[in-house]
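Read-outs throughout are calculated quantities, based only on the coordinates presented, and are distinct from any laboratory measurement. Please read these numbers as outputs of a predicted model, since none were measured by experiment. Please note: Cβ atoms are built from the backbone with ideal geometry, for glycine as well, and neighbour counts cover all protein chains shown.
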Amino acid sequence: MAQKILLTGGAGFIGSHTYVALKNAGFDAVILDNFSNARRDVTDRLEVITGTPVTCIEGDVLSESLLDRIFADHDIAAVIHFAAQKAVGESVEKPLEYLNTNIAGLYALLRSMRRAEVFRLVFSSSATVYGQPDHLPVNETAGRSFNNPYGFTKLVCEQSLEQIAASDDRWAFGVLRYFNPVGAHETGLIGEDPNDIPNNLVPYIAKVATGELARLSVWGNDYDTPDGTGIRDYIHVMDLAKGHVQSLDALLTSGAGHVVNLGTGTGYSVLEVLQAYERACGHTLPYRIAPRRAGDVACVYGDTRLAKQILGFKAELGLDEMCASSWNWVARRKNT
Ligand code: WQD
């Protein structure tokens, strides 16, 4: 009997790709999503990709009665918690909403899990907790900080999980610090699908490539980097999804918690990403140099050794595959 995993926020960008990776790995899965940042038809597309019906419950992770009902109706072995708000800029404008969804939402989930005696959780964290690291590549022992409410919520959630695990050894948490997830499933049926003008680089470039947006604004070219633009560790969303399955396997077999970076260990600049996307879409993409964006760091990319050692994780897909899969997704979406 396949072990069943609850994916909170499972209809979103990372969640939907992880759903596919879980099914490919022989797990069963239940999605809980309030569709605040996902389209309802993603479940139809997941059924096409996996060839099996999708169990998706519409609702909010803050609803403990709904969570209790899900645990009563389904024999859940573990939870992967994606349901959170994640736009850095928006978090500055709406800190209370981010605190409530991201922190109170985790606490509601943990209380319901405890009542159901489910003690395995994979938590979606972020390299944003590193701020601007003192040393690169940044490893998991680096100091943590925050410079916006979004980053604050990720840090508080990580520290809350540390306190809970230390107090009760029934719990085991897989804390995954994502770098910059980009790209799309090879079918082009699922991908990053922001509701409005994208904050993040690659979905913004994608809309320039389709003509939906006029040009990219490069936020600063006066950083201390080879071409002056910001450097990040971009990771293909399917590699990231694979990392979640490996984290889950580790929790379910060894019962040992872990905190690991999920990145490639390679940093690319904004202009290098733009050039890669030009190769993917086959035409040049207009841009302008604009002032730096508040809160941005110059350069961050991950040390990937611990994820390899603990989970056997290694990202396989490169920047050109990330951009080609993104272009395949947006070009297909524009034509449907
Ligand atoms: C990347 C680079 C920008 C847009 C954030 C969160 C992180 C994760 C990913 C959730 C930077 C530059 C961007 C644009 C640009 N979120 N840029 N023009 O800020 O590294 O990470 O999103 O999991 O937690 O912190 O990602 O894609 O916004 O920016 O020049 O229109 O692209 O300055 O150098 P970021 P990003």
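Points worth noting:
- Modelled FRET efficiency - R0 35 Å, Ser145 with Ile197, Cβ distances, 0.05 increments: 0.80
- With Cα atoms, 0 to 90° folded angle of helix 270-281 axis to the chain main axis: 90
- HN-Hα J in Hz across the stretch 160-166 - Karplus 6.51, -1.76, 1.60, θ = phi - 60°, x for Gly and Pro: 5, 5, 4, 5, 5, 5, 5
- Rounded to 5, percent antiparallel among DSSP beta bridges of the chain: 5
- Note on Lys314: lysines with a C-alpha under 17 Å away, same-chain residues under 8 apart excluded, are Lys242.
- Approximate spin-label separation Phe35-Arg170, in nm, with each point projected 7 Å along Cα-to-Cβ: 3.5
- Amide H contacts under 5 Å for Gly174: Leu121, Val122, Phe123, His258, restricted to partners 5 or more places along the chain or on a different chain, H placed in the peptide plane at 1.01 Å from N.
- When the helices of the chain are scored as -39500 (n - 2.57) per DSSP H run of n ≥ 4 and the total is divided over every residue, the value at 222 nm lands at -12000 deg cm²/dmol.
- Distance between the pseudo-spin-label points of Gln3 and Ile289 (7 Å out from Cα toward the beta carbon): 5.2 nm.
- Distant-in-sequence amide contacts of Thr55, defined by a placed amide H-H separation under 5 Å and a gap of 5 or more residues or a different chain, comprise Ile31.
- Hits among lysines - C-alpha to C-alpha of Lys154 under 19 Å, sequence gap 8 or more where chains match: Lys86, Lys94
- In this structure, the amide hydrogen of Gly255, modeled 1.01 Å from its nitrogen in the peptide plane, lies closer than 5 angstrom to no residue at least 5 positions away or on a different chain.
- With respect to the chain, whose longest principal axis is taken over its alpha-carbon atoms, helix 319-334 is tilted by about 80°.
- Site pair Arg333 and Thr50 shows an inter-label distance of 2.0 nm when each label is modelled 7 Å from Cα along Cα→Cβ.
- Relative contact order (percent, whole number), the stretch 136-239, Cα cutoff 8 Å, 6+ residue spacing: 23
- Springs between Cα atoms under 10 Å define the GNM used for the chain, and in it the highest mean-square fluctuation of Asp193, Asp41, Asp233 occurs at Asp41.
- Relative to the current alpha-carbon distance between Asp222 and Leu252, full extension at 0.36 nm per residue lengthens the span by 6.1 nm.
- Gain on full extension, evaluated as 0.36 nm per residue between Thr210 and Arg305 minus their Cα-Cα distance, stands at 30.5 nm.
- Added length on full extension, which subtracts the Cα-Cα distance from 0.36 nm per residue, Asp134 to Glu316: 62.8 nm
- In the chain, taking the dipole from charged Cβ atoms about the Cα centre, the farthest positive-side position among Asn261, Pro149, Ala209 is held by Ala209.
- Listed by chain and number, the aspartates and glutamates whose alpha-carbon sits under 13 Å from that of Lys4, ignoring those within fewer than 8 places in the same chain, are Asp28, Asp73, Asp75, Asp249.
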